[in-house]
Amino acid sequence: AQTVTQSQPEMSVQEAETVTLSCTYDTSENNYYLFWYKQPPSRQMILVIRQEAYKQQNATENRFSVNFQKAAKSFSLKISDSQLGDTAMYFCAFMTHLQGGSEKLVFGKGTKLTVNP
Amino acid sequence: EPEVTQTPSHQVTQMGQEVILRCVPISNHLYFYWYRQILGQKVEFLVSFYNNEISEKSEIFDDQFSVERPDGSNFTLKIRSTKLEDSAMYFCASTQGYQPQHFGDGTRLSIL
């Protein structure tokens, strides 16, 4: 069974600084997707960034980038120039394929990030 | 940008009552999902739905739960006889397949 581990329950960072959130996962699959979702206090689930396992290049979305280490099964999220609006719960998720072409997401327990002014 | 919409945003129900949570997935999506998040815990997969039938369900999704796509747009989750431990945030998600899942804003279900 696939598992996702986020070892940092809480983190804080000063505004404008850089922070890295860690995530490791376990799978026997070779082709899969990894995601970071952001959940602000309003509790919406917002996609931050995704990575296809077959791509060696790390994904980047503006201030958000990942360090994907497939052999180590590690998928960390780096947030540069942190902003107050980045304060949220961040969930790492692994997408596993189901029968019939659908998929399901397996989530980690989340890291609560606080950006301090 | 198209969105997944969920109604109601907050549902309060007496224990033992039936509740139906509603979702309107993105119109050209083919795969539909329900997830649950108990307060302070991680998001958990409940069920996936494709081609008018359940593709997979988790161990959480017992006989008290059912899903339905009654027309071309709505996707519903029914809990037949609610229990206190059903109190959670319920998220609907949809995708075209092999793409990121788009989540709705969730329905907060409170069982009294």
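The values are calculated or read from the model by the stated rules, or taken from the named source; none is laboratory data. A quick note: this is a predicted structure, and the numbers were derived from the prediction, not measured. Cβ atoms come from the backbone with ideal geometry, glycine included; neighbour counts cover every protein chain shown. Heavy atoms of the whole protein, side chains included, go into the accessibility calculation; ligands, DNA and RNA do not. Shrake-Rupley method; radii C 1.70, N 1.55, O 1.52, S 1.80 Å.
Just in region B:19-83: which GluC sites (Glu not before Pro) are loop by DSSP and have at most 14 other Cβ atoms within 10 Å?
Numbers: sites: B:Glu44, B:Glu53, B:Glu56, B:Glu59, B:Glu68; in loops: B:Glu59.
Listed in order of number, the matching sites are B:Glu59.
Computed over neighbours whose Cβ is under 14 Å from that of A:Ser7, the net charge equals +2, Lys and Arg +1, Asp and Glu -1. Counting only protein heavy atoms and a probe of 1.4 Å, the accessible surface of chain B is 44% carbon and sulfur.
Here's how it looks for A:Leu98: its modeled amide H is under 5 Å from those of A:Glu103, A:Lys104, which are all 5 or more places away or on a different chain.
Sorted by packing (mean other beta-carbon atoms within 10 Å per residue), highest first, where do A:90-97, B:103-110 land? Could the numbers behind the result be given before it?
Working: A:90-97: 22.5, B:103-110: 20.5.
Averaged packing, sorted descending, gives the order A:90-97, B:103-110.
Computed on chain A, with alpha-carbon pairs under 8 angstrom and 6+ residues apart, the relative contact order is 36 percent.
Over chain B, what is the mean sequence separation of C-alpha contacts under 8 Å (at least six apart), divided by residue count, expressed as relative contact order in percent?
On the way: 271 pairs, mean separation 43.2, N = 112.
The value is 39 percent.
Remark: region A:4-11, residue by residue, has Karplus-estimated 3J(HN,Hα) of 10, 10, 10, 8, 10, x, 9, 9 Hz, where x stands for each Gly or Pro and the curve is 6.51 cos²θ - 1.76 cosθ + 1.60 at θ = phi - 60°.
Based on a Kirkwood Rh over C-alpha pairs, give the Stokes-Einstein translational diffusion coefficient of the protein assembly as shown at 4 °C and viscosity 1.567 mPa s in µm²/s.
Working: Rh = 18.2 Å.
So the translational diffusion coefficient is about 71 µm²/s.
Counting only protein heavy atoms and using a 1.4 Å probe, the accessible area of B:Leu30 comes to about 90 Å².
Its Cα gyration tensor gives region A:3-116 an equivalent ellipsoid; the semi-axes, largest first and in whole Å, are 24, 15, 12. Each principal axis of chain B carries a Cα extent, and these read 37, 27, 26 Å when sorted largest first. Under the combined filter of DSSP loop state and at most 16 neighbouring Cβ atoms within 10 Å, region A:9-96 retains these GluC sites (Glu not before Pro): A:Glu15, A:Glu17, A:Glu29.
What quantity of accessible surface, computed with a 1.4 Å probe and excluding non-protein components, is buried in total between chains B and A, in Å² to the nearest 100? Walk me through the intermediate numbers first.
Working: alone 6610 and 6670 Å², together 11190 Å².
Summing both sides, the interface buries roughly 2100 Å².
For region A:15-77, the set of chymotrypsin sites (Phe, Trp or Tyr not before Pro) satisfying both a DSSP loop assignment and a count of at most 11 other C-beta atoms within 10 Å is given as A:Tyr54. Across region B:41-53, coupling constants 3J(HN,Hα) worked out from phi with the 6.51/-1.76/1.60 Karplus curve, θ = phi - 60°, read 10, 7, 6, 10, 5, 9, 7, 10, 9, 8, 6, 6, 8 Hz, and Gly and Pro carry x. Coupling constants for region A:33-43 follow from the phi torsions by the Karplus curve (6.51 cos²θ - 1.76 cosθ + 1.60, θ = phi - 60°), and in residue order they are 10, 10, 9, 10, 10, 10, 10, x, x, 5, 6 Hz; glycine and proline get x. Beta bridges from DSSP with both residues in region A:3-116: antiparallel share about 90 percent, rounded to the nearest 5. Per residue, the protein assembly as shown exposes 49 Å² of accessible surface when a 1.4 Å probe is rolled over the protein heavy atoms with every protein chain present. Each of A:Gln83, B:Ser55, B:Cys23 was scored by the projection of its Cα onto the charge dipole of the protein assembly as shown, and the greatest displacement toward the positive side belongs to A:Gln83; charges sit on the C-beta of Lys, Arg, Asp and Glu. Here's the list of lysines a cross-link from A:Lys38 could span, going by alpha-carbon distance under 17 Å and ignoring same-chain residues fewer than 8 apart: A:Lys78, A:Lys109, A:Lys112, B:Lys42.
Peptide B:25-32 has a mean of 1 when you count, residue by residue, the C-beta atoms of other protein chains within 10 Å of its C-beta. Across peptide A:31-38, the average count of Cβ atoms from other chains found within 10 Å of a residue's Cβ is 1. Principal axis analysis of the Cα atoms in region B:38-84 yields extents of 34, 21, 18 Å, listed in decreasing size.
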